[in-house]
Amino acid sequence: MAIAYLSQGAGASTETSGAALSPLCPATVTAGDILIAHVFWEGTATAPSTPANWTLLSGPHVIQSTIARHWVFGKIADGTEDGGAVAFGNPAVTTQRAARVYSFSGRTAGTITELVNGFA
């Protein structure tokens, strides 16, 4: 079975100092699904925190010198993530931060780093 896109959760963004950046997982997540989070952070003063049970797969990737950076995090779902928030931190800065979580089906075996590699 090929890996295929399933869904996405509600994205999140904030510029409020101390506000949590916590996008939601898709409403329905099945154990074994691949979850991928794309995180955007303006500036270079702070960076997202890696949530518990998630793996940093790639990043930071610098876009337009020091204006913005992007990270990709992933995990194999355990089936309890339905609509759950994923916390990427709450720094005391007023720069733009945003994130969204996507789900994919078709995993038959392998860890997240075995399945998802080669980001550029």
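The values are calculated or read from the model by the stated rules, or taken from the named source; none is laboratory data. Keep in mind that this is a model prediction, so the values were computed, not measured. Ideal geometry is used to build each Cβ from the backbone, glycine not excepted, and the neighbour counts take in all protein chains shown. With ligands, DNA and RNA removed, areas are computed over all heavy atoms of the protein, side chains included. Shrake-Rupley method; radii C 1.70, N 1.55, O 1.52, S 1.80 Å.
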Note to self: C-alpha centroids of region 1-65 and region 99-113 sit apart, in Å, by 13 Å
Note, region 6-15: 3J(HN,Hα) by Karplus (6.51, -1.76, 1.60, θ = phi - 60°), whole Hz, Gly/Pro = x, goes 10, 6, 9, x, 5, x, 9, 8, 7, 10
For the chain, averaging the sequence separation of alpha carbon pairs under 8 Å that lie six or more residues apart and dividing by its residue count, the contact order in percent is 44 percent
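Can you work out the accessible area per residue across region 23-100, with the rest of the protein chains kept in place, probe 1.4 Å, in square angstrom? Write out the running numbers ahead of the final one.
Numbers: 3530 Å² over 78 residues.
With all protein chains present, region 23-100 gives 45 Å² per residue.
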Across the alpha-carbon set of the chain, Rg over Rh with Rh taken as the Kirkwood radius works out to 0.98
Under the helix-only model (-39500 (n - 2.57) for each DSSP H run of 4 or more, divided by the residues of the chain), the mean residue ellipticity at 222 nm, to 500 deg cm²/dmol, is -500 deg cm²/dmol
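Compare the peptides 41-51, 55-65, 96-106, 21-31 by average per-residue count of other Cβ atoms within 10 angstrom and give them in order, highest first.
Numbers: 41-51: 16.5, 55-65: 13.4, 96-106: 19.7, 21-31: 18.0.
Result, highest mean first: 96-106, 21-31, 41-51, 55-65.
If you place +1 on the Cβ of every Lys and Arg and -1 on the Cβ of every Asp and Glu, how big does the dipole about the Cα centre of the chain come out, in debye to the nearest 20?
Details: 5 positive and 7 negative charges, 39 e Å.
So the dipole magnitude of the chain works out to roughly 180 debye.
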In nanometres, the difference between 0.36 nm per residue of separation and the alpha-carbon distance of V62 and A45 is 4.8 nm
Treating every alpha carbon of region 10-75 as one equal point scatterer without solvent, the Debye formula yields log10 I(q)/I(0) values at q = 0.18, 0.23, 0.29 Å⁻¹ of -0.74, -1.12, -1.45
Quick calc: nm separation of the 7 Å Cα→Cβ label points for D78 and A20 -> 1.8 nm
Expressed in square angstrom to the nearest 10, the accessible area of E15 with a 1.4 Å probe stands at 110 Å²
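Accessible area of the chain with a 1.4 Å probe: how many percent of it is carbon plus sulfur? Mind dumping the intermediate values first?
Working: 3220 of 6100 Å².
Solvent-exposed carbon and sulfur of the chain make up 53 percent of the total.
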